[in-house]
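**Q** My structure is below; once you've seen it, I'll send some questions.
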Amino acid sequence: MSLLGIDIGTTGCKAASFSRDGRSIAVAYREYRKLSLPVGHAEIDSRTVLSNIWDCIAEVGGGTKHDPIEALSISSLGEAMTPVTEERTVIGNSILCSDIRGEEYLQKLERYISQKEFYEINPNILGPNYSLPKLLWMKEHKPDIYNRAYKFLLWADLVVYMLGGDAVTSYSLANRTLLFDIHKEEWSHSLLEAAGIEEDKLPSIVASGSDAGVINDKMTEALNLPNNIRLIVGGHDQCCNALGAGALEQGKTVCGMGTFECITPVYNGIPTQTGLFKDNGLNIEHHIVSDRYVSFLYNQSGSLVKWYRDTFAMADKQLMLGGQDIYDALFAEMPSRPSNVLVLPHFEMTGPPRFITDSSGVILGLKTSTQRGEILKAILECATFYFVESLDALKNIGIESSEFVATGGGAKSDAWLQIKADILGVPFRRLKQPECGLVGAAMIAGTAINTWGSYEQAASVCVHFGAIFDPNEKTHSYYREKYERYRELYPYMESYLSSYSQIDKQPSVSGLVS
């Protein structure tokens, strides 16, 4: 018998089955695109994404006929919600966290509750990246969809529901809505009232690892699956990543390198210095593991690498469809030395500590001698520089890691991991199975049906470490100097970039733009 882990991201989904001894049996992947929308808007077509997820599950299901799946669980992106009817029909797209719509409603919310009072209930910094602003925007601008919707479901919950399970969500995903009470572990009545959101539009809240039912017979036939597969409640992808990387205790820090890059430190309980966390733009939310909590430091570095691929190497991508991995080829073009280029990685709305919505990306220092490989290296360097401010803040609070565990697709790159180790000055360790969202989801499913007696036992079976990348002290010293130049870039340009960002929001000029 085997376990199915599913990982749903912003630009792609994966599914994999695992044996009871942690061995991967079958794996499938599908990629999809964000919709083409006005600047500042970001959506994915929920029906298209579901179709890709079903294809992944069916492919893996077909590869596990001799080791049938018993249970599944899902790791997914947070914030983005999809409206569905009670008859399990999708009636709208999913608005992503990088979409700036709804920011205006947060200003109204703060008239009812201060950021300090809010943080005591839901320890996140109010921002347009969460679910709540999108719900309020939809309630006003698309009332037909809002009123028709039976539930608005986050992605892990949507898939469970569409497979025939209960309309439930985990603590970790509920936290990403801005409507969850972290202490009472329920929807906050005061926040719902202040926002004007009806609780019955939201799923019920349960702990990760809870049973949400079984796949209905119609879906099992379509997906090459056996009957009576248990649907186990998963969680937010970064929490599942941490679980799949074996980060179960305080002192463990994971760097998830996907479309979003996210550094996730783990805490044994809610940290006592919550005021310092708030002042430094740091959130606190539930881990998958009971009584453990995490923070997220994140940016879109993986998305920037994909943008680089599609912008600078589209011809190469077409040539390599049946051959060499395009990323391997592009990374091989990077110079061995640090780049002489600086990049401001504000191509989309930024994460902590500043949550900037009115900036844009900058590439500084280009010359006619600059090769495209140097630009790619600068993107990787400066996307890592982005984290230094928050990591320094955690050090000042007394939370520091001596090692990072790297997960996700980006962790397959030796060059990228070495850059990160050299900049941050700490070792980066890779796992033999870097797709930890899949592993973590399978660990949740297996622990729930007693394949393993605990997450600790599951980790001992499923988590295996690989290569370690130690920092080069000379290169680290150089990068500290370059970081100081990076730090100066945004303050110098902040006012200009803020005003420039308004140009994209202005209506087209007749005769100039069709």
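**Q** Using a 10 Å cut-off on Cβ atoms, rank the peptides 441-453, 68-80 from the highest mean neighbour count down. Could the numbers behind the result be given before it?
**A** Numbers: 441-453: 23.8, 68-80: 25.9.
By packing density, highest mean first, the sequence is 68-80, 441-453.
**Q** Further question on the same structure: Return the tail of the calculated pair distribution for region 2-245, meaning the percent of Cα-Cα pairs more than 35 Å apart.
**A** Details: 3971 of 29646 pairs.
When every Cα pair of region 2-245 is considered, 13 percent fall beyond 35 Å.
**Q** Each residue of region 350-362 in turn: what ³J(HN,Hα) in whole Hz from Karplus with 6.51, -1.76, 1.60 and θ = phi - 60°, glycine and Pro shown as x?
**A** 8, x, x, x, 9, 6, 7, 10, 10, 10, 7, x, 9
**Q** Given a cut-off of 18 Å, name the pairs among Lys306/Lys412; Lys139/Lys201; Lys252/Lys395; Lys139/Lys278 whose C-alpha atoms lie farther apart than that in the structure shown. The partial results should precede the final answer.
**A** Numbers: Lys306/Lys412 15 Å; Lys139/Lys201 11 Å; Lys252/Lys395 14 Å; Lys139/Lys278 29 Å.
Result: Lys139/Lys278 exceed 18 Å.
**Q** Efficiency by 1/(1 + (r/R0)^6): what FRET value for Asp328 and Ile91, r their Cβ-Cβ distance, R0 = 56 Å, to the nearest 0.05? Numbers along the way, then the final one.
**A** Details: r = 41 Å, r/R0 = 0.74.
E(calc), rounded to 0.05, equals 0.85.
**Q** Moving on to the next point. Quick one: divide the alpha-carbon radius of gyration of region 1-104 by 2.2 N^0.38 Å and tell me what you get.
**A** 1.24
**Q** Filter the GluC sites (Glu not before Pro) in region 264-362 down to the DSSP loop ones having no more than 16 other Cβ atoms within 10 Å, then list what survives.
**A** Details: sites: Glu285, Glu333, Glu348; in loops: Glu333, Glu348.
Answer by residue number: Glu333.
**Q** May I ask you to derive the FRET efficiency for Thr368 and Lys395 from their Cβ-Cβ distance with R0 = 35 Å, giving the value to the nearest 0.05?
**A** Numbers: r = 41 Å, r/R0 = 1.17.
The value I calculate is 0.30.
**Q** Kindly identify region 152-282 as rounded, prolate or oblate by the Cα gyration tensor criterion: order the square roots of the eigenvalues as a ≥ b ≥ c, call it rounded if a/c is under 1.5, otherwise compare a/b with b/c, prolate if a/b is larger, else oblate. Mind showing how you got there, number by number?
**A** On the way: a/c = 2.39, a/b = 1.36, b/c = 1.75.
Oblate.
**Q** Compute the FRET efficiency between Asp217 and Ser190 as 1/(1 + (r/R0)^6), taking r as their Cβ-Cβ distance and R0 = 41 Å, and round to the nearest 0.05.
**A** So, using R0 = 41 Å, E works out to roughly 0.45.
**Q** May I pose another question? Please go through region 382-432 and write out the GluC sites (Glu not before Pro) that DSSP classes as loop and that have at most 10 other C-beta atoms within 10 Å. Don't skip to the answer; put the middle values down first.
**A** Numbers: sites: Glu389, Glu400, Glu403; in loops: Glu400, Glu403.
Sites meeting the loop and neighbour criteria: none at all.
**Q** Rounded to the nearest 20 debye, what is the charge dipole size of the chain about its Cα centre when +1 sits on each Lys and Arg Cβ and -1 on each Asp and Glu Cβ?
**A** Numbers: 46 positive and 62 negative charges, 183 e Å.
The dipole of the chain has a size of about 880 debye.
**Q** Would you calculate the separation in nanometres between label points at Tyr496 and Phe312, each defined as 7 Å from the Cα along the Cα-to-beta-carbon direction?
**A** 2.2 nm
**Q** Further question: Cross-link candidates for Lys432: which aspartates and glutamates have Cα within less than 14 Å, leaving aside residues fewer than 8 places away along the same chain?
**A** Answer for Lys432, where 14 Å is the Cα cut-off: Asp414, listed by chain and number.
**Q** Taking neighbour Cβ counts within 10 Å as the exposure measure, how do Val362, Val294 sort from fewest upward?
**A** On the way: Val362 17, Val294 27.
With the sparsest Cβ surroundings first, the list reads Val362, Val294.
**Q** For the chain, what is the convex hull volume of its Cα atoms per residue in Å³? Numbers along the way, then the final one.
**A** Details: hull volume 79.7 nm³, N = 514.
That works out to 155 Å³ per residue.
**Q** Sort Glu261, Glu86, Glu103 so that the residue with the fewest other Cβ atoms within 10 Å of its own Cβ comes first and the one with the most comes last.
**A** On the way: Glu261 29, Glu86 9, Glu103 18.
Listed from fewest to most nearby Cβ atoms, that is Glu86, Glu103, Glu261.
**Q** Let me ask something else about it. List every residue whose amide H lies under 5 Å from the amide H of Glu43, counting only residues 5 or more places away in sequence or on a different chain, with H placed 1.01 Å from N in the peptide plane.
**A** Under 5 Å from the amide H of Glu43: Leu35, Leu96.
**Q** Return the sequence-ordered ³J(HN,Hα) values of region 192-199 in whole Hz as given by the Karplus equation 6.51 cos²θ - 1.76 cosθ + 1.60 applied to θ = phi - 60°, using x for Gly and Pro.
**A** Rounded to whole hertz, the list is 4, 5, 5, 7, x, 9, 7, 4.
**Q** Considering only DSSP states other than H, G, I, E and B, which trypsin sites (Lys or Arg not before Pro) in region 340-442 qualify as loop sites with at most 14 other Cβ atoms within 10 Å?
**A** Numbers: sites: Arg354, Lys367, Arg372, Lys377, Lys395, Lys412, Lys420, Arg429, Arg430, Lys432; in loops: Arg354, Lys367, Lys432.
Filter output for region 340-442: Lys367, Lys432.
Computed from the coordinates by the stated procedures, all read-outs in this text should not be read as laboratory data. Note that the structure is predicted; figures quoted are calculated from it, not measured. Don't worry about glycine lacking a Cβ; one is built from the backbone with ideal geometry, like all the others, and counts go over all protein chains shown.
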